[in-house]
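Asker: Handing you a structure now.
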2 protein chains.
Amino acid sequence: MVRMLIRDVLYFTNNEGSFELGYAIVQDGKFVTLKPGTCDSPVYEFDDVIWGKGMLILPGFINTHGHAAMSLLRGYADDLPLQTWLSDYIWPAEETLTANDIAVGSQLAMMEMLETGTTCFTDMYFHMEEVAQTVVNSGMRAVLGSALLSTLPDSDEKLQAAVAFVKDFQGAGQGRIVTTMAPHSPYTCSPEYMKKIMGQAHKLNVMVQIHLSETRSENKEIKQQYGVSPTIFLRNSGLLSQRVLVAHAIYLDDQDIDILAHHDVHVAHNPGSNLKLGSGVAPVISMMARKMHVGLGTDGASSNNKLDMYEEMRLVALLHKGALEYPTAISASEALYMATEGGANALFLPKGFGTLEIGAPADFQLLDVSGPRYQPADRLLSHVVYASHAGDVRRVFVAGKELYRNGEFLTIDKQRITFEVNQIVRKFPQNKCRS
Amino acid sequence: MVRMLIRDVLYFTNNEGSFELGYAIVQDGKFVTLKPGTCDSPVYEFDDVIWGKGMLILPGFINTHGHAAMSLLRGYADDLPLQTWLSDYIWPAEETLTANDIAVGSQLAMMEMLETGTTCFTDMYFHMEEVAQTVVNSGMRAVLGSALLSTLPDSDEKLQAAVAFVKDFQGAGQGRIVTTMAPHSPYTCSPEYMKKIMGQAHKLNVMVQIHLSETRSENKEIKQQYGVSPTIFLRNSGLLSQRVLVAHAIYLDDQDIDILAHHDVHVAHNPGSNLKLGSGVAPVISMMARKMHVGLGTDGASSNNKLDMYEEMRLVALLHKGALEYPTAISASEALYMATEGGANALFLPKGFGTLEIGAPADFQLLDVSGPRYQPADRLLSHVVYASHAGDVRRVFVAGKELYRNGEFLTIDKQRITFEVNQIVRKFPQNKCRS
């Protein structure tokens, strides 16, 4: 039994932003105590004692959509029209990526996510076995799926590999890995392929993640090809019969939103990526009005260009106010919820994930709130959402194990990964800064 | 003669994002050298030698619009409709503020600005003599004006005081302070009062700063009262005959933009504040198409809620892409320009401000670019705009003097100001966290 005490730490006592100074006890990777005041037990009874002075304990953030290895493509051909960006830059560069490259890129992404307070992330990409192995080694939590496209020549082999991946890695890393099926999108998966994927998803009883209605042109293309919206196309392909997480979900009409809500489809909202690519603003307020589960995601670093949930949390709270000219659209409390417990719900994780509740896995971060941006001191929840930045994250733990401390990565070799990243990118075609 | 060497530091060699490793020499507060390679002179010839390893030297950011002391109101009554927020919370709280309170609040703001890389800020508020004195003491650079409203009972005395302020403080702090006239807005200044203010502005030959078309309701109100748009109202009041900086400028039609461009009116764009208050998105792309000078501003911390130009720089680059569904709207290079040299131009500062050019004032920041978010390493400009956060700012200098270093404020007493801020806010009416 491993016991850790976090003393003299601030924590929120409710979702209205009330807070107390108190202590937490973590035992065998789970919270067993979170209370105001001082712990009565002598410190020598603990294996580790952390002094939280000046710090706020928060649940680790849960990133509900991304492509971790695309951090290799960060800043590669920014500020271009979407189609040029994809066909002339991203796809040719991606074609050069080996399984090892993807493992390296995923570790670069995990470092950035850890130091910005994220403890659990979602991934949809290629060579997922190697990605999963890096997650196991890093100590992070992740929801992983091999991207499946019927437009690829070996799509059936890829599906078999995706099934094998689920069988091999579901629950790996002492339960830190959750596997999914991941058809890429309505425009890259035929109805027949969708049906095959869903057959496997049902058999394996895993969640399904998919991109949906990210651009106007996607909607137009699906309409031309199938005569319906991408959402209805998914329903007709039998995809909505399983636990489903859709990413982006920007171009939805009211009927689409009703269909998604009716099937309890969950949503990964990616405000930063949607702005950067010029895609638009998702109708999140309409989804929330229908009590849909909406989490936040960064998307890949090639289209954001950061994997920082503090940024997405602030952006979701600001963007919808401005876009709708509606200053009460999303409150600070709702934004923090979306980045934590709401993200866990969006990913269909068990109750307790994304919280500091007794019995919840001890996935948490310590945020230094002693700086000027956290003053006046009585409005802490507002400051965490609107005024913080990730540079104030001091320590990050997953299942009670420390993975990041004051600039040091305790499970990832920053020097080696940084070196290898810069070796890998040399082979990208037309590699130059486009800013 | 004081000479400082900054060695082994990265710097951009052009605005396309090319960069070199080299060194800078600062002499008597100005840049005299910025070159690739290693300095030939022996280090004992310098009064100070800074090793820039892993760091990028950037011009200090220039914040073109704000109300520094409103950091006292940070998080005070967030997420409310604008009119409730103003009448029930902000104005009653502001009425309690003394000159000393405003000095304390301004110092809280300056700490946040310094640690996020800002070296020069713009302010429009009350008790400007006290604000100016704190700026002189802090070592920062600022463009200051006393807010003038004809709706206040003592508006003529206030105008006389504003004139006295200009006479007393123009060029104070070894030239670090620039004074302005600051009529608050079209809806709080009568045409007669505007004319009086402009008479003084011409006589004193100072810049004029004013809020313009921040909300739809302002436009409606001015239209009802004067039959024209706020922009035309300003022109008719003779305001556009002087060097003018307008803040916000959201609800402009093409004719308004043409008028502003014709009179070489400069703009302070506040993307974060405009979103937070649900005001909307300013037509910055149309302004840039007319070659107007547009800088970035944070506005006050009560409506942002941070004073972090890294945030505004990223937001301006993202927001207009998303709002216009136009992924090439504002490039990384343009965003960095707006936060630095473009901001200096918006404020009518002399050539060289906001740059690292030879002869320019040595107002600069050192950004630690050794972290994962700055990888792959060859796309540094993109990373600075899209992937950075202010937590990577290590050292900040104004006129060659260091004001911030690794969490320490060298000219402001953080402990005392933090204590006093929390004393002051106790008297605010209805004080509670509204998140």
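The values are calculated or read from the model by the stated rules, or taken from the named source; none is laboratory data. All figures in this text were calculated on a predicted structure; none of them were measured in a lab. Methodologically, a virtual Cβ is constructed for each residue, glycine included, from the backbone with ideal geometry; neighbour enumeration extends over all protein chains shown. The accessibility values were calculated without ligands, DNA or RNA, using every heavy atom of the protein model including side chains. Shrake-Rupley method; radii C 1.70, N 1.55, O 1.52, S 1.80 Å.
Asker: Over the whole of B:22-28, what's the average partner chain Cβ count within 10 Å per residue? Rounded to a whole number, please.
Answerer: Values: counts 0, 0, 0, 0, 0, 0, 0.
Counting Cβ atoms of other protein chains within 10 Å of each residue's Cβ and averaging gives 0.
Asker: Something else about it: From zero up to wherever the largest Cα-Cα distance of the range A:261-393 sits, split into 10 Å bins and tell me the percent of pairs in each.
Answerer: The percentages, shortest bin first, are 12, 40, 37, 10, 1.
Asker: For A:R243, what accessible area in Å² do you get when you roll a 1.4 Å probe over the heavy atoms of the protein chains, rounding to the nearest 10?
Answerer: Roughly 80 Å² of A:R243 is accessible to a 1.4 Å probe.
Asker: Rg and Dmax of the protein assembly as shown over Cα atoms: what are they, in angstrom?
Answerer: Rg, Dmax (Cα atoms, Å): 26.9, 82.
Asker: Sticking with this structure for a sec: On the full set of protein chains, 1.4 Å probe, figure out the accessible area of A:D168 and give it in Å² to the nearest 10.
Answerer: Spelled out: A:D168, probe radius 1.4 Å, area about 110 Å².
Asker: Let me ask another. Any idea what log10 I(q)/I(0) is at q = 0.11, 0.14 Å⁻¹ for the range B:1-69, Debye with uniform C-alpha scatterers and no solvent?
Answerer: Treating every Cα as an identical point scatterer, log10 I(q)/I(0) equals -0.32, -0.49.
Asker: Count the DSSP beta bridges whose two residues both fall in chain A, then state the antiparallel fraction as a percent rounded to the nearest 5.
Answerer: Details: 31 of 63 bridges.
For chain A, the DSSP antiparallel bridge percentage is about 50.
Asker: For chain B, set up a GNM with springs between Cα atoms under 10 Å and report which of B:A362, B:A68, B:A99 has the largest fluctuation.
Answerer: B:A99
Asker: A further question follows. Sort out for me the Cα centre separation of the range A:193-212 from the range A:116-144, rounded to whole Å.
Answerer: Computed from Cα coordinates, the inter-centre distance equals 20 Å.
Asker: Using only the alpha carbons, work out the radius of gyration and Dmax of chain B in angstrom.
Answerer: Using the Cα atoms of chain B, the pair Rg, Dmax is 21.2, 70 Å.
Asker: A further question on this structure: Give the carbon-plus-sulfur fraction of the accessible surface of the range A:61-346 in %, rounded to a whole number; probe 1.4 Å, heavy atoms of protein chains only.
Answerer: On the way: 4220 of 8340 Å².
For the range A:61-346, the apolar C and S fraction of the accessible surface comes to 51 percent.
Asker: Put A:Y326, B:Y125 in order of accessible area, largest first, 1.4 Å probe: what do you get?
Answerer: Values: A:Y326 100, B:Y125 10 Å².
Greatest to least solvent exposure: A:Y326, B:Y125.
Asker: Also, quick follow-up: So if each residue of separation counts as 0.36 nm, and I subtract the Cα-Cα distance between A:K53 and A:E157, what length gain in nm does that give? Provide the component values of the computation, followed by the final result.
Answerer: Working: separation 104, 0.36 × 104 = 37.44 nm, distance 5.37 nm.
Separation in residues times 0.36 nm, less the Cα-Cα distance, equals 32.1 nm.
Asker: Next question. Cβ under 15 Å from A:A261's Cβ, A:A261 left aside: what net charge do those residues give with Lys, Arg +1 and Asp, Glu -1? Could you put the intermediate results ahead of the total?
Answerer: Details: positive: A:R235, A:R243, A:R290, A:K291; negative: A:D253, A:D254, A:D256, A:D258, A:D264.
Net local charge, A:A261 excluded: -1.
Asker: Continuing with the same structure: Need the list of aspartates and glutamates near B:K351 for cross-linking: C-alpha distance under 15 angstrom, and skip anything on the same chain fewer than eight residues off.
Answerer: Answer for B:K351, where 15 Å is the Cα cut-off: B:E341, B:D363, listed by chain and number.
Asker: Check the straight Cα-Cα distances from B:K401 and name the lysines below 17 Å, setting aside those fewer than 8 residues away within the same chain.
Answerer: Those lysines meeting the cut-off are B:K30.
Asker: A further question follows. Structure shown: which of A:K223/A:K306; B:K306/B:K414; A:K220/A:K276 lie over 23 Å apart, alpha-carbon to alpha-carbon? Show your work: numbers first, answer last.
Answerer: Values: A:K223/A:K306 33 Å; B:K306/B:K414 17 Å; A:K220/A:K276 21 Å.
As for pairs spanning more than 23 Å Cα to Cα, those are A:K223/A:K306.
Asker: Taking every DSSP beta bridge that has both residues in the protein assembly as shown, what percent is antiparallel when rounded to the nearest 5? Display every interim value, and only then the final one.
Answerer: Numbers: 62 of 126 bridges.
In the protein assembly as shown, approximately 50 percent of DSSP beta bridges are antiparallel ones.
Asker: Taking A:Q174 in one copy and the same position in all the others, each labelled 7 Å out along Cα→Cβ, what are the pairwise distances from the first, in nm, shortest first?
Answerer: 5.7
Asker: If the only charges are +1 at each Lys and Arg Cβ and -1 at each Asp and Glu Cβ, what is the size of the charge dipole of the protein assembly as shown around the Cα centre, to the nearest 20 debye?
Answerer: On the way: 74 positive and 96 negative charges, 28 e Å.
The calculation lands at about 140 debye.
Asker: Measuring from a point 7 Å out along Cα→Cβ, what nm distances, shortest first, does A:E221 have to its partners in the other copies?
Answerer: 4.9
Asker: A further question on this structure: Extension gain B:E408-B:T13, at 0.36 nm per residue separation less the Cα-Cα distance, in nm?
Answerer: On the way: separation 395, 0.36 × 395 = 142.20 nm, distance 3.00 nm.
Difference between extended and current length: 139.2 nm.
Asker: What are the lysines whose alpha-carbon lies under 18 Å from the alpha-carbon of A:K167, with same-chain residues fewer than 8 places away excluded?
Answerer: Cross-link targets: A:K158, A:K196, A:K203.
Asker: Roll a 1.4 Å probe over the protein heavy atoms and report the accessible area of B:D413 in Å², nearest 10.
Answerer: Here the residue's solvent-accessible area equals roughly 80 Å².
Asker: Counting each DSSP H run of 4 or more residues in the protein assembly as shown as -39500 (n - 2.57), what helix-only mean residue ellipticity at 222 nm follows after dividing by all residues, to the nearest 500 deg cm²/dmol?
Answerer: Details: 30 runs with 292 residues, N = 870.
Value at 222 nm, helices only, nearest 500: -10000 deg cm²/dmol.
Asker: A follow-up question, please. Taking the Cα centre of the range B:61-346 as origin and charging only Cβ (+1 Lys, Arg; -1 Asp, Glu), how large is the dipole, in debye to the nearest 20? Working shown, then result.
Answerer: Working: 19 positive and 31 negative charges, 147 e Å.
Computed about the Cα centre, the dipole is about 700 debye.
Asker: Now a separate question. List the residue from chain A whose beta-carbon is nearest to the axis that rotates chain A onto chain B, together with that distance in whole Å.
Answerer: A:G391, 1
Asker: Taking the Cα-to-Cβ direction at B:S286 and at B:H262 and moving 7 Å from each Cα, how far apart do the two end points lie in nm?
Answerer: Rounded to a tenth, the inter-label distance reads 1.6 nm.
Asker: Once the label point is set 7 Å along the Cα-to-beta-carbon vector, what list of distances in nm do you get between B:D8 and its counterparts in the other copies?
Answerer: The answer, with the shortest distance listed first, is 3.6 nm.
Asker: Let me check something: with ligands and nucleic acids excluded, how do B:H67, B:H293, A:H202 order by accessible area (1.4 Å probe), largest to smallest? The partial results should precede the final answer.
Answerer: Values: B:H67 20, B:H293 60, A:H202 85 Å².
Reading off the accessible areas and sorting them downward yields A:H202, B:H293, B:H67.
Asker: I need to check one value: relative contact order of chain A, counting alpha carbon pairs closer than 8 Å and at least 6 residues apart, in percent.
Answerer: Result for chain A is 22 percent.
Asker: Could you order B:W51, B:W91, B:W85 so the one with the most accessible surface comes first? Probe is 1.4 Å. Walk me through the numbers before you get to the answer.
Answerer: On the way: B:W51 150, B:W91 120, B:W85 20 Å².
Descending order: B:W51, B:W91, B:W85.
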